[in-house]
Amino acid sequence: MTQALHLTNARLVCPAGGERDGELLIVDGTIVSGEAPSHAERVDCRGKLLAPGIIDVGVARIDRAAARAGGVVRVAPMPDQVPVLDEPGAVQRLALIGRPDLWIHPIAAATRGLAGTDLAEMAICLSAGARAVGTGRGWIADSGVMHRVLMYARDLDVVVVTHAEDGGLAAGAVATEGETATRLGLPSAPALAEPLAIARDLMLAEETGARLHLRCVTTAAGFALVRAAKVRGVRVTCGVTPAYLLLSDNAMSDFRTFAHLSPPLRSEDDRKAALAALADGTIDLLCSGHDPRGPEEKRLPFADASAGAADAATLLPLALGLARDGRVTLTRLFGLLAQGPAALLGLETGTLAAGMPGDVILIDEHAPWQIDADRLPGKAGNTPFDGLPVQGRVTAMWKGGRAIAG
Amino acid sequence: MNQSDHRPATLIPGGAVFPHRHLTGIEGLEPHEITFLLDEAETWVEANRTRAAPDQRLAGFTQINAFFENSTRTLLSFEIAGKRLGADVVNMHAAQSSVKKGETLIDTAMTLNAMRADVIVIRHMSSGAVRLIADKVDCPVLNAGDGRHEHPTQALLDALTIRRRLGGVANKRVVICGDLLHSRVARSNILALTALAAEVRVCAPSTLMPPAIERFGVTAFTDFDKAIEGADVVMMLRLQTERMAGGYVPSTREYHLRYGLTLERLNDRAPGALVMHPGPMNRGVEIDSAVADHVEQSAITEQVQMGVAVRMACLDVLTRRARKVEGWA
């Protein structure tokens, strides 16, 4: 007998089909249209949103508990793991360990050991389960190497995920140049480090015809470059995390190491530019950049603390806040959280259309709660949003039509 | 003497005049709180000079000087200040090699706390380290310099020196010249002097100028001759040896050409100006010996003298609550 799940009375949010009241049928792990079989398990979803599960591109660590709490069904981890994802064994192992609850689509290293000098075995890593190649947290300083990476990746039609920060300008910096950094006496780099790197990578992508994904764009000048490149037809996409949409560099005041991020938080003008880029479609996906760091890495003087924020569990409520504020529609929001990431990784999922995998989440969009770093599910609670009241919780989650215990 | 630039602190009763538990920086201090510390220090200047009966107000108190970064002058100054108040002073030299970054910083703080220190003086190479420790201990913490962030007692002693020499700080034109980018002395001085209503000018090559410095209420110059025009005080900062070799400035002789305080420059542009330097000096680089040793205009040794008085005042004020001084308990 077939396994069937019938989700009724839901408010469906589909990036492809829009928002409507209705029901969803998942048979043998796949979304189907038509009548529900009599034996189908019925779940009444009244008063809740039913949306495609979140696909989180560019996480630093695999963190099941945080993913489950955040409604994340698939993640694409960065290549800077231990060991570095530059050989098929490491890629394959990572690609399989999450199943069946959490599917992992590794971003393999674009250069061997992420050293930025020699090409890594991209094709072999792709056959081992990688869905993209990337530069990790670093930047490839040598333009010749980056040119060859993009040419080679184009031949394989694989997207190159980059961290856009000019390594020379950003060297040693833990903050963006400005009043806050000067006041705190923190080594800082001009925000220009980002558009400089983006400009080069865009020109190389345009020249080679390769697909380029800028993992996290955070500056007004960076968004302007991406916007213009898209008009020219460059195959570029970009992502952002909620931190750069909701916080600026004054969040670092009092040496709050939870606000020590990479790239560093920017000015208020850049934050507004990020919101504008979200509204006008320049930004293609929202991600958490999930990077749990325990107290031994965060309870340090600011510059000595590790960069990164653990926001997989807060991504959805923060994103819902953006929709509530009218920055984006709910439909577009799940385009940014599910459909966009799926397209980037070449996955047939990310919408509620018939034929898609039954990866769906049920959301109580009004449920109020307060982000508490000490109680956040996952490996660590280092979020710059500690203490923020938010709304929206995942109440149920299905991966391939199978319920994932919370 | 005692000419305050702001309302007299004596009008505010007891502990309300200085409600802070720690001294981690000048930032957060109100102008009248700065003035209060300067007034307190002033009394110690006289006491130090006459060497009357030794003061014992900190007798039985343990002062730990935890220096995670090498220092001779500041450490000595804090040690003498504590001893002149009768405290048991213990110096902890946490060499940079033994304390790897911050891994043990919180643990060190816990250890110092467990030893029941009554006041802890900290110097650390990372900005914000002192505040981090201050949050973890039960006793008052004094910042003796953290990274490029702040060095509050230096700013207080500089303000005191200016006040005593020139009769006040308000409306005086003070020029701070040198490596402002990496200088905690510059940050604390800018905050203190602007709070006391001085006209502060900063001067450095752009490679050594902190970004957005004009947001601190100062005027920035890259031309030293223009900057010191009509100055009442010229404060020179030390240029670290490792930054002279081409990274930030091409060479020491080129730096001296553009930013060195020579007697000729001083007499031409700011005749009679008070010359200050937090030390240690690079003679012949940022300051010429003829200026540094100028009998009338150089206040450099006086700064050192004020340093002890200011630190005595800070140690006294911060321990008043623990000592249950009337009005402070």
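The values are calculated or read from the model by the stated rules, or taken from the named source; none is laboratory data. If you're wondering where the values come from, they're calculated on a predicted model, not measured in any experiment. Cβ: placed from backbone, ideal geometry, glycine included. Neighbour counts: every protein chain shown. All accessible areas refer to the heavy atoms of the entire protein, side chains included, with ligands and DNA or RNA removed. Shrake-Rupley method; radii C 1.70, N 1.55, O 1.52, S 1.80 Å.
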Compute the helix-to-body angle for A:143-156: its Cα long axis versus the longest principal axis of chain A, expressed 0 to 90° and rounded to tens. 20 degrees
In peptide B:209-221, what is the residue-averaged number of other protein chain Cβ atoms found within 10 Å of each Cβ? 3
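Give me the percent of the accessible area of chain A that comes from carbon and sulfur atoms, probe 1.4 Å, all protein chains in place.
On the way: 7500 of 14730 Å².
That share works out to 51 percent.
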For region A:42-166, what's the radius of gyration and Dmax over Cα atoms, in angstrom? 16.2, 57
In deg cm²/dmol and to the nearest 500, what is the mean residue ellipticity at 222 nm of chain A if only DSSP H runs of at least 4 residues count, each as -39500 (n - 2.57), divided by the residue total? -8000 deg cm²/dmol
How much accessible area per residue does region A:241-397 have, in Å², with a 1.4 Å probe? 33 Å²
Buried solvent-accessible surface, both chains (B, A), 1.4 Å probe, Å² to nearest 100: 1800 Å²
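Tell me the carbon and sulfur percent of the accessible area for region B:206-328, rounded to whole percent, probe radius 1.4 Å.
48 percent
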First measure r as the distance between the Cβ atoms of residue B:264 and residue B:206, then evaluate 1/(1 + (r/R0)^6) with R0 = 22 Å and state the FRET efficiency to the nearest 0.05. 0.30
Note to self: with every protein chain in place and a 1.4 Å probe, region A:42-167 gives an accessible area per residue in Å² of 36 Å²
Rounded to two decimals, the Debye log10 I(q)/I(0) of region A:219-299 (Cα scatterers, no solvent) at q = 0.11, 0.16, 0.21, 0.24 Å⁻¹ is -0.34, -0.64, -0.96, -1.14
With both partners inside region A:1-146, how many of the DSSP beta bridges are antiparallel, as a percent to the nearest 5? 45 percent
When only C-alpha pairs under 8 Å and at least 6 residues apart count, what is the relative contact order of region A:154-219, in percent? 46 percent
For region B:202-258, what is the accessible area per residue in Å², given a 1.4 Å probe and the full set of protein chains? 48 Å²
Given N residues in region B:161-244, what is its alpha carbon radius of gyration divided by 2.2 N^0.38 Å? 1.03
Does any residue of region A:161-204 lose at least 50 Å² of accessible area with all protein chains in place compared with its chain alone, and if so which ones (probe 1.4 Å)? A:179, A:182, A:183, A:185
Relative contact order, percent, region A:54-202 [alpha-carbon distance under 8 Å, six or more residues apart]: 16 percent
Under 4.7 Å Cβ to Cβ, no partner at all: give me those cysteines from chain B, in residue order. B:139, B:314
Charge dipole (debye, nearest 20) of chain A; +1 at Cβ of Lys and Arg, -1 at Cβ of Asp and Glu: 500 debye
Could you order the peptides A:279-285, A:303-309 from most to least packed, using the average number of other C-beta atoms within 10 Å per residue? A:303-309, A:279-285
A:139, A:398, ranked by accessible area, largest first (probe 1.4 Å): A:139, A:398
Select from region B:129-147 all residues whose loss of accessible area on going from the chain by itself to the full protein assembly reaches 50 Å² or more (probe 1.4 Å). B:131
Between the Cα axis of helix B:105-114 and the main Cα principal axis of chain B, the angle (0 to 90°, nearest 10) is 40 degrees
Determine the distance separating the Cα centre of region B:17-71 from the Cα centre of region B:125-143; give it in Å without decimals. 16 Å
Region B:159-204: which residues show an accessible-area loss of 20 Å² or more, assembly versus chain alone, 1.4 Å probe? B:187
Shielding of A:295-302 by partner chains, average beta-carbon count, 10 Å: 6
Please report the equivalent ellipsoid semi-axes of the protein assembly as shown, computed as sqrt(5 x eigenvalue) of the Cα gyration tensor, largest first, in whole Å. 57, 29, 21
Inverse of <1/r> over all distinct C-alpha pairs of region B:103-185, i.e. the Kirkwood Rh in Å, gives 14.5 Å
Taking GluC sites (Glu not before Pro) as exposed when DSSP calls them loop (any state but H, G, I, E, B) and at most 13 other Cβ atoms lie within 10 Å, what is the longest stretch of chain A free of them, the sites themselves excluded? A:36-347
For Cα pairs less than 8 Å apart in space and 6+ apart in sequence, what is the mean separation divided by the residue count of chain B, i.e. the relative contact order in percent? 20 percent
For B:118-124, mean number of other protein chain Cβ atoms within 10 Å: 0
Hull surface divided by four, with the convex hull built on the Cα atoms of chain B: how many nm²? 16.1 nm²
Could you let me know the centre-to-centre spacing of region A:182-234 and region B:169-231, using Cα atoms, in angstrom? 34 Å
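For n ≥ 4 DSSP H runs only, could you compute -39500 (n - 2.57) per run for chain B, divide by its residues and tell me the 222 nm figure to the nearest 500?
Result for chain B: -10500 deg cm²/dmol, rounded to the nearest 500.
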Using Cα atoms only, what is the angle between the long axis of helix A:315-324 and the major principal axis of chain A, expressed in degrees (0 to 90) to the nearest 10? 80 degrees
